Amino acid sequence: MDKIEIHCCFVFPPLSFFHSGCIFVGHGLSQDFAAVNLFVPPDQIIDTVEIYHQANRRNISLRFLVNYVLGRDMQQDVHDSVEDARAAFELYVRAVELKREGKFERYLTDIYEFGQKSDWKVGLDKGSG
């Protein structure tokens, strides 16, 4: 039996994004890009999974971060990629603000502590954990 090779190629009209240095902001982007077999240079990626992460600890879900950091719930019924993108950008902006104030590392520790106390469930009052 002959070996059959199948090659798949995704063509994105705005390929100039990759060559012009466009910055991609999102949550879990490495998984998204891998799913479509797309390489984006690391210096063009801002990933909130990595920003809101402490070494040797679990990754924090986008929904949990939005609930804790931005004070709202999301994705209650259906997945909305536009909502995800906006939320990831807002999380990035908030992280930049906290870093400028010198408060980010303590805040991230607080997120992990609350997550452990709440079993990483959303919608719980931060003071009730």
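The values are calculated or read from the model by the stated rules, or taken from the named source; none is laboratory data. This one's a predicted model, so the numbers in the text were calculated from it and none came from an experiment. Quick reminder, even Gly has a Cβ in these numbers, built from the backbone with ideal geometry, and neighbours come from all protein chains shown.
Looking only at residues that are of a type in the set (Lys, Arg) and part of a helix (DSSP H, G or I) in region 85-124, which one is nearest to the chain's Cα centre (by Cα)?
Arg86
Right, Val82: part of a helix (DSSP H, G or I) and surrounded by 14 or more Cβ atoms within 10 Å (Cβ to Cβ) or not?
Considered against the rule, which asks whether it is part of a helix (DSSP H, G or I) and surrounded by 14 or more Cβ atoms within 10 Å (Cβ to Cβ), Val82 comes out as no.
What number of residues in region 47-72 are touching a helix residue (DSSP H, G or I) at 6+ places or on another chain (Cβ under 6 Å), over 14 Å from Phe89 (Cβ atoms) and crowded, with 19+ Cβ neighbours inside 10 Å?
Residues flagged as touching a helix residue (DSSP H, G or I) at 6+ places or on another chain (Cβ under 6 Å), over 14 Å from Phe89 (Cβ atoms) and crowded, with 19+ Cβ neighbours inside 10 Å within region 47-72 amount to 1.
Give the residue, chosen from His53, His79, that is modelled with pLDDT of 95 or more and within 26 Å of Phe114 (Cα to Cα). Talk me through it step by step, then tell me what you get.
On the way: His79 fails: modelled with pLDDT of 95 or more.
Among His53, His79, only His53 is modelled with pLDDT of 95 or more and within 26 Å of Phe114 (Cα to Cα).
Sort out which residues of region 35-46 are surrounded by 11 or more Cβ atoms within 10 Å (Cβ to Cβ) and free of Cβ contacts under 8 Å to residues at least 40 places away in the same chain, and write them in order of number.
Leu38, Val40, Gln44, Ile45, listed by residue number.
Which residue is modelled with the lowest pLDDT, if the candidates are limited to region 14-33 and must be over 19 Å from Val82 (Cα atoms) and part of a helix (DSSP H, G or I)?
Ser16
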